[in-house]
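The values are calculated or read from the model by the stated rules, or taken from the named source; none is laboratory data. Please read these numbers as outputs of a predicted model, since none were measured by experiment. Here the Cβ is made from the backbone with ideal geometry for all residues, glycine too, and neighbour counts use every protein chain on show. Surface areas here come from the heavy atoms of the whole protein model, side chains and all, with no ligands, DNA or RNA. Shrake-Rupley method; radii C 1.70, N 1.55, O 1.52, S 1.80 Å.
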Amino acid sequence: MKAYRAAILRFATDRDPGQSAIYESDGLLVLGANAQGREVVQAVGPWHELRARFSDLDVTHWPGRLIAPGFVDLHSHYPQTNVIGSPAEGLLPWLENYTFPEERRFASPDYSTEAAQFFIAELLRQGVTTALTFATSHPASVQAFFAEAQKHHMRLITGLCLMDRHAPAELLNQPSMRGASDATEQSLLASEALIQRWHGVDRLGYAITPRFAPTSSNAQLRGAGELAARHPEVWIQSHVAENHEEIAWARDLFPASDSYLSTYADFGLLRERAIYAHCIHFDDADRALMRDTGAAGAVCPTSNLFLGSGFFDYAGADRVGFQYGLASDVG
Ligand code: GUN
Ligand code: ZN
């Protein structure tokens with residue numbers, strides 16, 4: 001067994017989430033193998049209460065340090081580490097000038113593996129042990145990422161980026177799978193195959209991943225919603241209401257929906273385990289839709305500041321009562 005004395009932050013699983021944080025200014029954490037040989041927490045609590053029980057252990061003392069559970073990054077893009085900090089006048093030129101050209105390189109399995117290794121090493125270096133991340137529209141990028149994540153025993157969730165229009169041709173889903181009549185159908189078959197291969201393997205999970213409504217046809221969004229209904233156990237991830245130009249574009253493409261967010265609801269893509277990045281330019285009807293469907297927002301402060309997208313309205317979210325968590329949105 002190993003024992004560590006330091007300040008400790010932890011979360012009680014038997015309390016309401018809002019009341020669950022416990023802070024020990026001088027705590028003891030004892031780790032040891034369980035029956036399956038996995039290292040687990042054997043005891044945690046105030047040093048003065050536990051010290052006598054573990055007096056035979058060598059205690060590593062870290063005064064002035066804080067031990068915390070691994071961080072959760074609720075939204076990121078593993079293929080975008082190479083474009084971090086690229087300046088642009090807003091979301092759409094940033095995607096066109098930097099992000100799409102970089103994402104094309106993920107057609108290569110070797111390039112994907114190299115990027116996945118770097119990204120996972122960076123997550124661990126920052127203390128992130130759980131992350132929901134985009135891959136690209138290439139199945140190779142998803143395979144490479146899951147394979148690397150599995151080696152590190154991390155809780156990582158990703159999925160094939162669904163895009164069948166309004167992006168460079170090399171980035172649109174390709175009609176390469178046998179039995180698929182077109183690229184849209186292929187993207188849905190490939191997603192299904194990746195769910196079967198990876199969802200629930202070790203600590204990995206799959207997320208159905210339409211990039212955002214403007215880069216999917218009605219048929220692709222409909223198919224994604226049907227896939228989500230067949231697989232309530234998997235996640236859904238996308239973007240919404242990040243930037244005024246993006247919103248105007250989405251409203252133009254889906255005029256029958258009540259709002260940009262409603263477009264996703266209309267295709268069956270708002271439900272529990274659906275995580276929408278940004279959620280900045282919402283009205284109360286959108287907030288209530290998030291709340292009532294059980295979807296959650298991923299708040300991306302550094303990204304929003306860098307791209308000049310706007311500020312998330314925490315007070316509005318709390319007033320109406322929808323769930324949200326923090327995210328880096330790397331790159
Ligand atoms: N909306 C659609 N794609 C993206 C992306 O890659 N990054 C951000 N921030 N927003 C998006
Ligand atoms: Zn994003």
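When you check Tyr314 against the structure, is it more than 12 Å from ligand 1 (Cβ to nearest atom), of a type outside the set (Asp, Glu), within 19 Å of the chain's Cα centre (by Cα) and open to solvent by 20 Å² or more (accessible area, probe 1.4 Å), yes or no? Quick ask: steps written out before the conclusion?
Values: more than 12 Å from ligand 1 (Cβ to nearest atom): yes; of a type outside the set (Asp, Glu): yes; within 19 Å of the chain's Cα centre (by Cα): no; open to solvent by 20 Å² or more (accessible area, probe 1.4 Å): yes.
No: the conditions fail for Tyr314.
Could you list, in sequence order, all residues of the stretch 136-168 that are free of Cβ contacts under 8 Å to residues at least 60 places away in the same chain and among the β-branched types (Val, Ile, Thr)?
Thr136, Val142
Is at least one residue of the stretch 211-221 open to solvent by 10 Å² or more (accessible area, probe 1.4 Å), in contact with a Pro (Cβ under 9 Å, 6 or more places away or on another chain) and under 21 Å from Leu172 (Cβ atoms)?
No: the stretch 211-221 contains no residue that is open to solvent by 10 Å² or more (accessible area, probe 1.4 Å), in contact with a Pro (Cβ under 9 Å, 6 or more places away or on another chain) and under 21 Å from Leu172 (Cβ atoms).
Given Gly85, Gly70, which one is open to solvent by 20 Å² or more (accessible area, probe 1.4 Å), within 16 Å of ligand 2 (Cβ to nearest atom) and farther than 22 Å from Leu162 by Cβ?
On the way: Gly70 fails: within 16 Å of ligand 2 (Cβ to nearest atom).
Testing whether each residue is open to solvent by 20 Å² or more (accessible area, probe 1.4 Å), within 16 Å of ligand 2 (Cβ to nearest atom) and farther than 22 Å from Leu162 by Cβ leaves just Gly85.
Please work out if Ala224 is in contact (Cβ under 8 Å) with a residue 60 or more places away in the chain, within 30 Å of Gln150 (Cα to Cα) and either polar (S, T, N, Q) or not in a helix (DSSP H, G or I) (or both).
Working: in contact (Cβ under 8 Å) with a residue 60 or more places away in the chain: yes; within 30 Å of Gln150 (Cα to Cα): yes; either polar (S, T, N, Q) or not in a helix (DSSP H, G or I) (or both): no.
The answer is no for Ala224.
Is there a residue in the stretch 238-258 that is crowded, with 24+ Cβ neighbours inside 10 Å, more than 14 Å from ligand 1 (Cβ to nearest atom) and not in a helix (DSSP H, G or I)?
Looking for residues that are crowded, with 24+ Cβ neighbours inside 10 Å, more than 14 Å from ligand 1 (Cβ to nearest atom) and not in a helix (DSSP H, G or I), one finds none in the stretch 238-258, hence no.
Which pairs do you get when a residue that is in contact (Cβ under 8 Å) with a residue 12 or more places away in the chain, found in the stretch 99-127, comes within reach of a residue that is among the acidic types (Asp, Glu) and open to solvent by less than 30 Å² (accessible area, probe 1.4 Å), reach meaning Cβ atoms under 6 angstrom, with the pair 6+ apart or on two chains?
Between residues of the stretch 99-127 that are in contact (Cβ under 8 Å) with a residue 12 or more places away in the chain and residues that are among the acidic types (Asp, Glu) and open to solvent by less than 30 Å² (accessible area, probe 1.4 Å), the close pairs are Ala116/Glu148; Gln117/Glu148; Ile120/Glu148.
Do we find that Glu122 is under 21 Å from Ala327 (Cα atoms), open to solvent by less than 30 Å² (accessible area, probe 1.4 Å) and acidic (Asp, Glu) in this structure? Working first, answer last.
On the way: under 21 Å from Ala327 (Cα atoms): yes; open to solvent by less than 30 Å² (accessible area, probe 1.4 Å): no; acidic (Asp, Glu): yes.
No: the conditions fail for Glu122.
What pairs come out if I take residues in the stretch 74-90 that are at pLDDT 95 or above and among the aliphatic types (A, V, I, L, M) and pair them with residues that are within 14 Å of ligand 2 (Cβ to nearest atom) and in a helix (DSSP H, G or I) whose C-beta lies under 6 Å away, six or more apart or interchain?
That search, which allows pairs on different chains as well, returns Val83/Tyr98; Val83/Thr99; Val83/Glu102.
Taking the conditions exactly as written (within 19 Å of Val72 (Cβ to Cβ), of a type in the set (Lys, Arg) and open to solvent by 50 Å² or more (accessible area, probe 1.4 Å)), does Arg15 satisfy them or not?
Working: within 19 Å of Val72 (Cβ to Cβ): yes; of a type in the set (Lys, Arg): yes; open to solvent by 50 Å² or more (accessible area, probe 1.4 Å): yes.
For Arg15, the condition - within 19 Å of Val72 (Cβ to Cβ), of a type in the set (Lys, Arg) and open to solvent by 50 Å² or more (accessible area, probe 1.4 Å) - is met.
Please enumerate the residues belonging to the stretch 281-311 that are of a type outside the set (S, T, N, Q) and either within 24 Å of Ala116 (Cα to Cα) or within 11 Å of ligand 1 (Cβ to nearest atom) (or both). Spell out the reasoning first.
Let us first name the residues in the stretch 281-311 that are of a type outside the set (S, T, N, Q), namely 281-292, 294-301, 305-308, 310-311.
Listed by number, the residues that qualify are Ala298, Val299, Cys300, Pro301, Phe306, Leu307.
Only one of (1) surrounded by 24 or more Cβ atoms within 10 Å (Cβ to Cβ); (2) in a loop (DSSP other than H, G, I, E, B) fails for His153. Which number is that?
Status for His153: all satisfied but (1).
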